[in-house]
1. When you look at Phe82, is it under 13 Å from Gln118 (Cα atoms) and at pLDDT 90 or above, yes or no?
2. Residues Ala192, Ala177, Ala116: which one is modelled with pLDDT under 90 and more than 21 Å from the chain's Cα centre (by Cα)?
3. Against the conditions (1) assigned to a loop (DSSP other than H, G, I, E, B); (2) under 30 Å from Arg18 (Cβ atoms), where does Leu152 fall short? Just the number, please.
4. Please work out which one of (1) surrounded by 11 or more Cβ atoms within 10 Å (Cβ to Cβ); (2) in a helix (DSSP H, G or I) is the condition Ile176 fails and give its number.
5. Provide a single number: the residues in the stretch 135-165 that are free of Cβ contacts under 8 Å to residues at least 12 places away in the same chain and β-branched (Val, Ile, Thr).
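The values are calculated or read from the model by the stated rules, or taken from the named source; none is laboratory data. Here the structure is a predicted model, which means the values were calculated and not measured. FYI the Cβ positions are ideal-geometry reconstructions off the backbone, even for glycines, and counts take in every protein chain you see.
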Amino acid sequence: METDKTMAPHSSHDSAERWFGRPAESLPPPERRILDMIGLRRPISTELKPRGIEAAGLGDRIADRIAVVGGSWGFILSFLAFLVVWSVVNTLLLRSAAFDPYPYIFLNLVLSMLAAIQAPIIMMSQNRAAARDRREAGRDYEVNLKAEIEILGLHDKFDRLRDLEIGETKRLLAEIAERLERIERRGGGDPA
């Protein structure tokens, strides 16, 4: 039985030329890593849980929690209720002895300080989320590229197997035709 050359692993250099149309040395590291993993027949992504979540420090976890709470409808509605209560108390209930009469300068100061503290904390959390998304997108790219290369390789294998099958079928048909011709010659004439 003939050995199928498509079953043997290719070198990174051959694969780079074949799939990317350029030498392996000119490929970026992710593509080289993918070609190496294909050659070794190993999976690209073995992690089910992304790294970095457990490695987050206390400040990062607090920032994430503040971003979750500060960006929720519960926070918005409760803060709206707080503003209404503040206004009602200082305008209607404590008319003459209000601790922050209209135009609520102290409330304005409190809101400004809250925004000054909350905005950078939420941005820290968003930066961490963006970095996590970039890592996941990189992993997705590597997995998708490997899958695409593997599928193209399978198409090539099927095409070569089909060509071998067609060649073998043609050879067998020629052999059968030759045998029929010999039988006809031995039989001496028209079979009808």
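1. Values: under 13 Å from Gln118 (Cα atoms): no; at pLDDT 90 or above: yes.
Here the answer is no, as Phe82 does not meet what is asked.
2. Details: Ala177 fails: modelled with pLDDT under 90; Ala116 fails: modelled with pLDDT under 90.
Only one candidate passes the filter, namely Ala192.
3. Here Leu152 clears every test but (1).
4. So Ile176 meets the others, but not (1).
5. The qualifying residues number 1.
Table: residues versus (1) outside any helix (DSSP H, G or I); (2) over 24 Å from Ile76 (Cα atoms); (3) acidic (Asp, Glu).
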{"residue": "Val88", "(1), (2), (3)": "no, no, no"}
{"residue": "Asp100", "(1), (2), (3)": "yes, no, yes"}
{"residue": "Leu107", "(1), (2), (3)": "no, no, no"}
{"residue": "Met113", "(1), (2), (3)": "no, no, no"}
{"residue": "Tyr141", "(1), (2), (3)": "no, yes, no"}
{"residue": "Asn144", "(1), (2), (3)": "no, yes, no"}
{"residue": "Arg162", "(1), (2), (3)": "no, yes, no"}
